[in-house]
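For reference, the structure discussed in these notes is given below.
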Amino acid sequence: PSAAVPRLQNDSWGRQYSHALFKAMSHMLCIGYGQQAPEGMTDVWLTMLSMIVGATCYAMFIGHATALIQSLDSSRRQYQEKYKQVEQYMSFHKLPGDTRQRIHEYYEHRYQGKMFDEENILGELSEPLKEEIINFNCRNLVANMPLFANADPNFVTAMLTKLRFEVFQPGDFIIREGTVGKKMYFIQHGVVSILTKGNKETKLSDGSYFGEICLLTRGRRTASVRADTYCRLYSLSVDNFNEVLEEYPMMRRAFETVAMDRLDRIGE
């Protein structure tokens, strides 16, 4: 053997195992032949076999480590992958810079860096669990809204399970006057302005709702509604609105009372 490699036959077992471990790791982790080149065909083939095993183990380690890191925050990774597609879409269609910035800000406020398939998750749960989660997620909305605070808990649950979360940016027209109304909105957080023909402007904020007049009268929108700040709203479709109120006719009267008051204010 080479003079650079010490003879280990008479050394302590600790020294022998240390050198053996070092040589094995140099084969498997560095994917090389260690301190001394192989001599003879047996050494050559054993060294190649060692390097193949080492390369396989190294690849498996990298693969498992990568999978572990990705699984630590899969929702953020899903968001990043989705937003990369959005960026490529914007680039492909050559959208202007200000539009791209608004889309970027929308994604930041809507998803806040994490993306979940919430509909699929809730769909897999039992009805009691689904209702419990929805009631918890909408607890601030219920606490701030007098309509819900004084209502039958069953009505509140029935209403909440049909709501859909939406985000609007400052300056967005949530409702345009004269259009056919298909939704009403509950404000979780934000400020909106109700704009009428007479240039009257009414502000609504957390705990308020709007858009119910059109659903009750089955007519066209009587006013426009513009978002003044970033608004986190819950929308309710006309079909779901009527479905819930068929079960709770007393609540229809509560909506009608507020609707009549609002119509009086705008002179309709």
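Worth a mention:
- Scanning region 225-247 for residues that are open to solvent by less than 20 Å² (accessible area, probe 1.4 Å) and either at positive phi or of a type in the set (Gly, Ala, Ser) (or both) yields a count of 2.
- Among residues of region 43-70, those that are touching a helix residue (DSSP H, G or I) at 6+ places or on another chain (Cβ under 7 Å) and free of Cβ contacts under 8 Å to residues at least 12 places away in the same chain, counted: 1
- Helices (runs of 4 or more DSSP H) wholly inside region 126-201 containing at least 3 residues that are of a type in the set (A, V, I, L, M): 127-137, 139-144, 153-160
Conditions tested, residue by residue: (1) of a type in the set (Val, Ile, Thr); (2) more than 18 Å from the chain's Cα centre (by Cα).
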| residue | (1), (2) |
| --- | --- |
| ARG110 | no, no |
| ILE121 | yes, no |
| LEU125 | no, yes |
| PRO128 | no, yes |
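- Considering residues of region 256-268 that are open to solvent by less than 100 Å² (accessible area, probe 1.4 Å) and touching a strand residue (DSSP E or B) at 6+ places or on another chain (Cβ under 9 Å) only, the residue nearest to GLU201 (Cα to Cα): ILE266
- Residue count for region 189-207 satisfying the condition of being open to solvent by 30 Å² or more (accessible area, probe 1.4 Å) and either farther than 23 Å from LEU141 by Cβ or of a type in the set (Ser, Thr, Tyr) (or both): 8.
Residues are listed down the side, and each one gets a yes or a no for (1) in contact with a Leu (Cβ under 8 Å, 6 or more places away or on another chain); (2) more than 22 Å from ASP261 (Cα to Cα); (3) modelled with pLDDT of 90 or more:
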residue	(1), (2), (3)
ALA149	no, no, no
GLN169	no, yes, yes
GLU177	yes, no, yes
GLY219	no, no, no
ASP228	no, yes, yes
ARG232	no, yes, yes
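- Restricting attention to region 192-223, the residues being of a type in the set (D, E, K, R) and within 18 Å of PRO170 (Cα to Cα) number 3.
The values are calculated or read from the model by the stated rules, or taken from the named source; none is laboratory data. This is a predicted model, so every value here is computed, not measured. Counting neighbours? That spans all protein chains shown, and the Cβs are built from the backbone with ideal geometry, glycine included. All accessible areas refer to the heavy atoms of the entire protein, side chains included, with ligands and DNA or RNA removed. Shrake-Rupley method; radii C 1.70, N 1.55, O 1.52, S 1.80 Å.
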